[in-house]
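Just below is one structure, and these are the notes that go with it.
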Amino acid sequence: MPTVSTVLGPVDVDGLGQTLMHEHVFVVAPEHLDYGRGGWWDEEHRVADAIAKLGALAAKGVRTIVDPTVWGLGRDIPRIQRVAAGVPELNIVVATGLYAFDELPHQYEHRGPGLLLDMPDPMVDDFVRDLTEGIGGTGVKAAFLKCVVEAKGLTPGVERICRAVARAHVRTGAPVTVHTNAFTRSGTLALDVFAQEGVDLTKVVVGHAGDSNDLDHLMSLADTGAVLGMDRFGLDIYNPTPQRVATIAALCERGYADRMVLSHDTACFMDYFGGAWDEARERIAPNWRYDHIHDDVLDALREAGVSDGQIEQMLVFNPRRYFS
Ligand SMILES: [Zn+2]
């Protein structure tokens, strides 16, 4: 039985159960928090709040969340360990990789093939270490890789990160989630680079594919073997829930239930609105919460003709296959 690394240790893939494949616990930049400490950021309150929100999610039947928070989004594994210990009924799977829309972090700018410090790309070794030895001395291993191809496409920095992620995948077999921009169809660019690098595309989630309702485009991604991340339920500003549901139902009807996973891409707290996360989320996207899928979306999918078996395929079997 293959196992998956989670924050609390390895879990049999059969134990993943219902899995939301793209949820953040916290998106908070450590240096930004220095402005919030003593003000809008209260570490103890936020950890307790996360335990409560994730406990409520587990009570809906979700057994696992897959958290693609990496460098660039403020990954902090010790904080996640505190949350995980408070909600042991929920598996939390964490990632390695880099979240950058354009340029590399300066820490990789001058090291690599042909650069000031001419050497093999150190990003690959750093990602592999997170996957095989653990992250930052915590002993918590990442179970998947994350990168981005946004509207700017394959800028030199983005391309180098994607190739480093691909090489870490080839070395370890760890699956990949790539954040894409569905409106510029950047998922196609990402899959092309991964294919060149020998990535097993059945181990790739094209994140945020569900922002698109272009069935031909979505089928062209899925026909490579990749999995479509229908993963921003509640973010109606990109695509409202009824349209997301109709698109999934249409793809199920065409035989693609084994090529989709579901999620919200929400968080217990994001610092993009300073300290005003809960108020901003409520005002901008009131359904952008962990329980929207279970409270509203699953029934809407059933009404649109999606069977319980297809829902189980998207929530249980596809995540299990991705991590097997
Ligand atoms: Zn995300």
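The values are calculated or read from the model by the stated rules, or taken from the named source; none is laboratory data. On a predicted model such as this, the values are computed, not experimentally measured, just so you know. Cβ: placed from backbone, ideal geometry, glycine included. Neighbour counts: every protein chain shown. Note: areas computed on protein heavy atoms with side chains; ligands, DNA, RNA excluded. Shrake-Rupley method; radii C 1.70, N 1.55, O 1.52, S 1.80 Å.
With coordinates expressed along the principal axes, the C-alpha atoms belonging to region 1-156 extend over 52, 47, 33 Å, beginning with the largest. A probe of 1.4 angstrom, applied to the heavy atoms of all protein chains, finds Phe101 with accessible area near 80 square angstrom. Dividing the radius of gyration of the alpha carbons in region 219-262 by their Kirkwood radius gives 0.97 for Rg/Rh. Annotation: Trp71 carries an accessible surface of approximately 100 Å², with a 1.4 Å probe and no ligand, DNA or RNA atoms counted.
Centroid-to-centroid, using Cα positions, region 167-201 and region 11-86 are 25 Å apart.
For the chain, the spread of Cα positions along the three principal axes, ordered from largest to smallest, is 59, 48, 40 Å. The alpha-carbon of Lys60 sits under 29 angstrom from the alpha-carbons of these lysines, leaving out residues fewer than 8 places away in its chain: Lys141, Lys146, Lys203. For Tyr322, Tyr99, Tyr238, Tyr35, the ranking by accessible surface with the largest value first comes to Tyr35, Tyr238, Tyr99, Tyr322, using a 1.4 Å probe.
For the chain, the solvent-accessible area works out to 40 Å² per residue, with a probe of 1.4 Å and every protein chain left in place.
Region 110-207 has equivalent-ellipsoid semi-axes of 22, 18, 12 Å, by the square roots of 5 times the alpha carbon gyration tensor eigenvalues, sorted largest first. Surface calculation, 1.4 Å probe, protein heavy atoms: His45 sits at approximately 90 Å² accessible. Return the percentage of antiparallel bridges among DSSP beta bridges fully within the chain, rounded to the nearest 5 %. Bridges in the chain are about 10 percent antiparallel. Global dimensions of region 165-324 from alpha-carbon coordinates: Rg and Dmax equal 15.8, 44 Å. Remark: the chain carries a charge dipole of roughly 460 debye about the Cα centre, counting +1 on each Lys and Arg Cβ and -1 on each Asp and Glu Cβ. Ligands, DNA and RNA left out, the 1.4 Å accessible surface of the chain is 51% carbon and sulfur atoms.
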